[in-house]
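J.: There's a structure below that I have some questions on.
We did not get these values from a lab; they are worked out from the coordinates using the rules stated. Model, not experiment: these values are computed from the prediction. No Cβ is skipped: glycine too gets one built from the backbone with ideal geometry, and neighbour counts run over all protein chains shown.
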Amino acid sequence: MDISVYLLVFFIILSSSFIHSSAAFGFSVFSMTLLPLLLPLITSAAIVKVALLTITIMMVMDLWKHINFRFIIVPVCFSLLGNSLGFYLLMTVDSEILKRILGGVLVITGVFMFLTKGKLKMKKTIAAGIGMGLLSGLAGGMFNLSGVVLVIYYYSVIEDKLEYAASLQATFVVTAVYGIILNMFYGNFSAPGVPGLAVITIVAVIIGCYLGLKVLRKINKQMIGNLSYIYMIIMGIVMAINIKDLIS
């Protein structure tokens, strides 16, 4: 694999981890939009799982005392179920079609949430946890985008920004571990160059996360939400129009 590919992957992962750790969301949306331009979609999904696990572990270690374990147990359990179905779709269905559909969903969701300015309120109910968990798992299994759904739910029902960030990352740790297990089962880490890419992503994540966590403690919850929604809209547009078609 060309050295330039490794350098570009490093930069993408570094930028994604900085965004994620400073806003508690966005790593997969950013990285899974750009990495498939350089690597096969399945390879991109595999190394992003490694990077996502690294960054979420770092954030959980830093924010451990703020995690609401009782709240996250239902979304986590049903996210794993949805993740299995999403991963099956990733391995069997035309990924370009799925990605364009998901891009459109991101744009609609981001616009709606930005316009409501976080005024949409959901309740901490078992039904909500089950539904949002399943949806997040489905998106996570296909494109590592479980955060898109969970941000809407967690941001709506958790007031404290550190509890919100910590609980979100704790959820991601569990789903990332499960995703890595699925990728190993299907042999997605055995492709040429993948082990080296995995090492590069871990180094990039450590640097980006260290810098991003410093920003997280200095911005308020409303700003985190606004940045997340704007980011969601931009990346959704990129995914929907398929940036590969524009540069080919």
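J.: Give the peptides 53-66, 74-87 in descending order of average Cβ contacts within 10 Å, highest first.
T.: On the way: 53-66: 19.1, 74-87: 21.4.
Packing order, densest peptide first, comes out as 74-87, 53-66.
J.: Please report, in whole Å, how far the alpha carbons of the chain spread along each principal axis, starting with the longest.
T.: Each principal axis gives a Cα extent; for the chain these are 47, 34, 34 Å.
J.: Hey, another quick one. Under 20 Å from a point 7 Å along the Cα-to-Cβ line of ASP160: which residues of the stretch 43-62 have their amide N that close?
T.: 57-62
J.: Mean residue ellipticity at 222 nm from the helices of the chain, using -39,500 (n - 2.57) per DSSP H segment of n ≥ 4 over the full residue count, to the nearest 500 deg cm²/dmol? Walk me through the intermediate numbers first.
T.: Details: 11 runs with 202 residues, N = 248.
Value at 222 nm, helices only: -27500 deg cm²/dmol.
J.: For the stretch 102-195, what does the convex hull of the Cα positions come to per residue, in cubic angstrom?
T.: Values: hull volume 11.5 nm³, N = 94.
In the stretch 102-195, the Cα hull volume divided by residue count equals 123 Å³.
J.: With r defined as the distance between the Cβ atoms of GLU96 and LYS65 and R0 fixed at 51 Å, what FRET efficiency is calculated, to the nearest 0.05? Let's see the in-between values first.
T.: Working: r = 43 Å, r/R0 = 0.85.
Using R0 = 51 Å, I get an efficiency of 0.75.
J.: Now for a different question. Over the Cα atoms of the stretch 15-150, what is the Rg over Rh ratio if Rh follows Kirkwood?
T.: Details: Rg = 15.0 Å, Rh = 15.7 Å.
With Rg and the Kirkwood Rh in hand, the quotient comes to 0.96.
J.: Distance cut-off 24 Å, Cα to Cα: go down the list LYS121/LYS161; LYS65/LYS124; LYS124/LYS214; LYS65/LYS214; LYS123/LYS214; LYS49/LYS123 and report the pairs above it. Walk me through the intermediate numbers first.
T.: Working: LYS121/LYS161 16 Å; LYS65/LYS124 20 Å; LYS124/LYS214 30 Å; LYS65/LYS214 17 Å; LYS123/LYS214 31 Å; LYS49/LYS123 30 Å.
Beyond 24 Å: LYS124/LYS214; LYS123/LYS214; LYS49/LYS123.
J.: Can you give the extra length, in nm with one decimal, that the chain gains between ILE207 and ILE241 once fully stretched, where that is 0.36 nm per residue apart less the Cα-Cα distance? List each step's numbers first, then the result.
T.: Values: separation 34, 0.36 × 34 = 12.24 nm, distance 3.14 nm.
Taking 0.36 nm per residue and subtracting the Cα distance, the gain is 9.1 nm.
J.: Still on this structure, please answer the following. Placing unit charges on C-beta atoms (Lys and Arg positive, Asp and Glu negative, everything else neutral), compute the dipole magnitude of the chain about its Cα centre in debye, rounded to 20. Working shown, then result.
T.: Numbers: 16 positive and 8 negative charges, 165 e Å.
Taking the Cα centre of the chain as origin, the dipole is about 800 debye.
J.: Same structure again: Among the complete DSSP H segments of the chain, which ones combine at least 24 Å of alpha-carbon extent along their axis with a mean Kyte-Doolittle hydropathy of -1.0 or more?
T.: Details: long enough: 3-23 (30 Å, 1.84); 41-63 (32 Å, 2.03); 69-92 (35 Å, 1.58); 95-116 (31 Å, 1.52); 126-143 (25 Å, 1.62); 161-185 (36 Å, 1.12); 194-216 (31 Å, 2.24); 221-241 (31 Å, 1.40).
Length and hydropathy pass: 3-23, 41-63, 69-92, 95-116, 126-143, 161-185, 194-216, 221-241.
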